[in-house]
Amino acid sequence: MARIKGVTKDEAPEEVRAVFEEQERRYGFVSNTARVYALRPTIQKGVQAIAQGILASGLIEGGLRHLLCVRTANINGCPF
């Protein structure tokens, strides 16, 4: 259980709800991290911009990025 109660989909502002729906489509659920970032939508937008910048740079291949995400989740004890 998360120590910080994040935003639910029903409570989320419109721009945050779009992020939640994308995560549900992709992964089948909304991550606790996204729910916490949604407490401050400007932070959520910034995190998304960083992630998109990393992807667009081409410095990390998609397959390697996926492995890094899975490994990080494993280290943190989170299902991915």
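The values are calculated or read from the model by the stated rules, or taken from the named source; none is laboratory data. The structure displayed is predicted, hence computed values, not measured ones. Neighbour counts run over all protein chains shown; Cβ positions are idealised from the backbone, glycine included. All accessible areas refer to the heavy atoms of the entire protein, side chains included, with ligands and DNA or RNA removed. Shrake-Rupley method; radii C 1.70, N 1.55, O 1.52, S 1.80 Å.
Consider Ala38 carefully, then state whether it is among the hydrophobic types (A, V, I, L, M, F, W, C), more than 19 Å from Lys5 (Cβ to Cβ) and either more than 12 Å from the chain's Cα centre (by Cα) or surrounded by 14 or more Cβ atoms within 10 Å (Cβ to Cβ) (or both). No. Cβ separations smaller than 7 Å between residues 6+ apart or across chains give the following pairs from the stretch 45-67 residues that are closer than 21 Å to Thr33 by Cα to residues that are assigned to a helix (DSSP H, G or I): Val47/Tyr37.
Looking at Gly63, Gly46, which is the one that is modelled with pLDDT under 90, open to solvent by less than 60 Å² (accessible area, probe 1.4 Å) and not polar (S, T, N, Q)? So that I can check it myself, show each step before the final result.
Numbers: Gly46 fails: modelled with pLDDT under 90.
Of Gly63, Gly46, the one residue that is modelled with pLDDT under 90, open to solvent by less than 60 Å² (accessible area, probe 1.4 Å) and not polar (S, T, N, Q) is Gly63.
What is the residue count in the stretch 14-34 for residues that are touching a helix residue (DSSP H, G or I) at 6+ places or on another chain (Cβ under 8 Å) and of a type outside the set (S, T, N, Q)? Working first, answer last.
Of the residues in the stretch 14-34, the ones touching a helix residue (DSSP H, G or I) at 6+ places or on another chain (Cβ under 8 Å) are 15-16, 19-20, 23, 29-31, 34.
Now restrict to residues that are of a type outside the set (S, T, N, Q): 15-16, 19-20, 29-30, 34.
The total comes to 7.
On the given criteria, is Ala51 under 19 Å from Asn76 (Cβ atoms), modelled with pLDDT under 90 and either open to solvent by 90 Å² or more (accessible area, probe 1.4 Å) or not basic (Lys, Arg) (or both)? Yes: the conditions hold for Ala51.
Yes/no per residue for (1) acidic (Asp, Glu); (2) assigned to a helix (DSSP H, G or I); (3) farther than 18 Å from Asn76 by Cα:
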{"position": "Arg3", "(1), (2), (3)": "no, no, no"}
{"position": "Arg17", "(1), (2), (3)": "no, yes, yes"}
{"position": "Arg26", "(1), (2), (3)": "no, yes, yes"}
{"position": "Val30", "(1), (2), (3)": "no, no, no"}
{"position": "Val36", "(1), (2), (3)": "no, yes, no"}
